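What follows draws every value from the coordinates through simple rules; no lab data is involved. The structure displayed is predicted, hence computed values, not measured ones. For neighbour counting, all protein chains shown are included, and Cβ atoms are generated from backbone atoms with ideal geometry for every residue, glycine included.
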Amino acid sequence: MNGAQPLWLMGDAGTSHVIHDVAYDFFGRRVAVCSSDQSIKIYDDSKLTAEWKAHSGSIWRIVWAHPEFGQVLASCSFDRKICIWEEVADTEQPTRASNGAWRLMKELTDARDSLNHLAFAPKQRGLLLASCSADRKVRVHEAPDSMDLSSWGLLGEFEAGDAGSRDCAATAPLCLAWNPRSTDPLMLITGMTDGRVIMWRQSEGGAGWARLLEFESAPADGALARPLRQAHADRVHDLGWAPEMGRSFHVIATASRDRTVKVWSMKNEAVPAGLAAQFGKPAEDGGDGGDGSAAVEEKWVVKFDSELPHHSQVWRCSWNVTGSLLATSVDDGTMHVYRQDGPHSWEQVSFIEPQAQARDVVGLDS
């Protein structure tokens with residue numbers, strides 16, 4: 001959701017393929033579409049300009065890299081591959097035809113099961129690509145030289161699901177999102193098939209990834225004496241980390257098959273070193289900061305903010321460029337747009353029905 005004009009995609013007569021993902025580029029003028037017919041389509045200002053078979057299985061997700069790195073796409077599929085595509089200016093390539101000037105630069109084949117999601121890191125981090133798979137792994141690949149997209153290396157991988165479980169599908173990551181704030185440590189969140197949302201942080205020195213925290217929401221009846229629940233009651237389909245717009249805290253949205261979208265706030269809070277052990281971190285140097293003051297430990301804290309109920313399972317959630325509007329897409333084809341109208345309160349300001357234009361619920365001038 002980036003302020004681009006709406007695009008209405010109509011399948012060819014007689015076709016039955018399913019569109020799995022639609023991605024706007026940074027400027028909101030180009031659209032990439034992937035589907036179960038194993039193809040990728042590119043639209044420029046709503047005109048189809050390229051189409052090609054990209055995988056040997058259904059393509060689940062597609063994502064644009066920042067334009068600083070050129071016109072670059074990454075796609076992931078049921079065929080266990082990530083494909084890196086680049087639009088090249090050399091019109092003498094013999095393989096042009098219907099795919100325009102798009103060329104396959106690299107296939108990443110580390111996954112051992114269907115790939116569920118992938119996302120490029122913020123451009124300040126370089127050309128980093130995170131992916132998650134049904135084999136319970138999250139992998140981070142890097143192109144050290146952005147001018148050579150044929151060279152990618154596996155920067156790291158970690159087990160996101162429960163290693164002791166025999167059923168990979170029951171605890172696999174379905175979606176992920178990067179921390180957009182470049183001044184924070186390198187962090188990812190993953191949405192799981194069992195309804196959990198987990199935060200991960202790269203270890204100091206980049207040696208590996210460590211689990212930082214798990215999102216927990218209050219019990220449905222509000223009884224404070226009851227233990228907190230996991231983030232969702234069913235699988236998490238999508239995550240939306242709001243753009244950084246000068247807030248002192250992060251805002252994250254999670255969409256689930258349990259028919260809800262939940263909004264969370266997260267910040268790094270300093271706690272006295274004496275309490276750090278309660279969060280799994282021992283106090284250092286006896287709790288003395290060196291100048292006689294009590295030492296403090298940075299602690300990431302996430303708080304449940306709001307729940308947005310829907311009438312059917314929610315597949316996608318997305319923020320606008322300022323992080324002030326949240327769009328959700330639902331199983332029946334409807335889309336809803338929300339904005340915050342007070343602490344812990346969100347109002348629906350617009351919705352779109354299938355084969356219909358957007359209708360404002362209240363005045364929407366942003």
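Annotations
- FRET efficiency for the V88 to H344 pair, using the beta carbon distance and R₀ = 41 Å, is estimated at 0.25.
- Computed extension length for E204-S36: 56.5 nm, one decimal, from 0.36 nm per residue of separation with the Cα-Cα distance subtracted.
- Modelled FRET efficiency - R0 22 Å, E216 with A170, Cβ distances, 0.05 increments: 0.65
- Rounded to whole Hz, the Karplus (6.51, -1.76, 1.60) HN-Hα couplings of region 202-216, x for glycine and proline: 6, 5, 4, x, x, 6, x, 10, 10, 6, 9, 6, 10, 6, 9
- Placing a pseudo-label 7 Å from each Cα along the Cα-to-Cβ vector at S46 and L155 gives an inter-label distance of 3.8 nm.
- Relative to the current alpha-carbon distance between S182 and D148, full extension at 0.36 nm per residue lengthens the span by 9.8 nm.
- In this structure, S56 and F26 have a Cβ-Cβ separation that, at R0 = 30 Å, corresponds to a calculated FRET efficiency of about 0.55.
- The stretch between T322 and S248, if pulled fully straight at 0.36 nm per residue, gains 25.2 nm over its current Cα-Cα span.
- Distance between modelled label sites at R229 and T334, nm, 7 Å Cα→Cβ extension: 2.2 nm
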